[in-house]
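Asker: Structure in structure tokens, see below.
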Amino acid sequence: MTCTKTTLIEKISDSFNQNPTQSKETVEALIEIIKSTLASGEDIMISGFGKFQVIDKSPRKGRNPATGESMLLEKRRVVTFKCAGKLKDRMNTTPN
């Protein structure tokens, strides 16, 4: 089952007996902070959860699968996630 933004809002609202509108604002603010931090090139580490890291990829050779034509793919930034040890342990010990 996928946990959507709506699901997060509902769970926060229920957990803190909070108005759903307030919960939505909280989730939206958190997501905006994460997006702006990553866009600026900074990493985000959430203790006990994991680390979102921005990595710069170099230009590389590629090819168009439709035509087979070679091309140079420009440099780009990607976000990776590395799971914290505590989360790994929890995922591997909790029954489904």
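No lab work stands behind these numbers, since they all come straight from the coordinates. None of the values given here were measured: they were computed from a predicted structure. Cβ placement follows ideal geometry from the backbone for every residue including glycine, while neighbour counts extend to all protein chains displayed.
Asker: What does the charge count around Cys83 come to, taking other residues whose C-beta lies under 11 Å from its C-beta (Lys +1, Arg +1, Asp -1, Glu -1)? Before the final figure, lay out the partial values.
Answerer: Numbers: positive: Lys51, Lys82, Lys86, Lys88, Arg90; negative: Asp89.
Every neighbour counted, the sum reads +4.
Asker: For segment 1-40, what class follows from the C-alpha gyration tensor (a ≥ b ≥ c being the square roots of its eigenvalues): rounded when a/c is under 1.5, otherwise prolate if a/b is larger than b/c, else oblate?
Answerer: Working: a/c = 3.37, a/b = 1.66, b/c = 2.03.
Judged from the Cα gyration tensor, segment 1-40 comes out oblate (a/c at least 1.5, b/c at or above a/b).
Asker: Still on this structure, I have one more. Largest first and in whole Å, give the semi-axes of segment 43-96's equivalent ellipsoid, each being the square root of 5 times a Cα gyration tensor eigenvalue.
Answerer: Equivalent-ellipsoid dimensions as semi-axes: 36, 16, 6 Å.
Asker: Mind giving me the nanometre distance, one decimal, between the label points for Arg76 and Ile33, set 7 Å out from Cα along Cα→Cβ?
Answerer: Going by the 7 Å Cα→Cβ label model, 2.9 nm.
Asker: What are the principal axis extents of the Cα atoms in the chain, in Å, biggest first?
Answerer: Each principal axis gives a Cα extent; for the chain these are 57, 34, 29 Å.
Asker: Shifting gears a bit: Whole angstrom only: what separates the Cα centroid of segment 49-85 from the Cα centroid of segment 1-36?
Answerer: 29
Asker: Continuing with the same structure: For the chain, what relative contact order do you get, as a whole percent, if you take Cα pairs closer than 8 Å and at least 6 residues apart? Don't skip to the end; give the middle numbers.
Answerer: Working: 101 pairs, mean separation 18.7, N = 96.
Answer for the chain is 19 percent.
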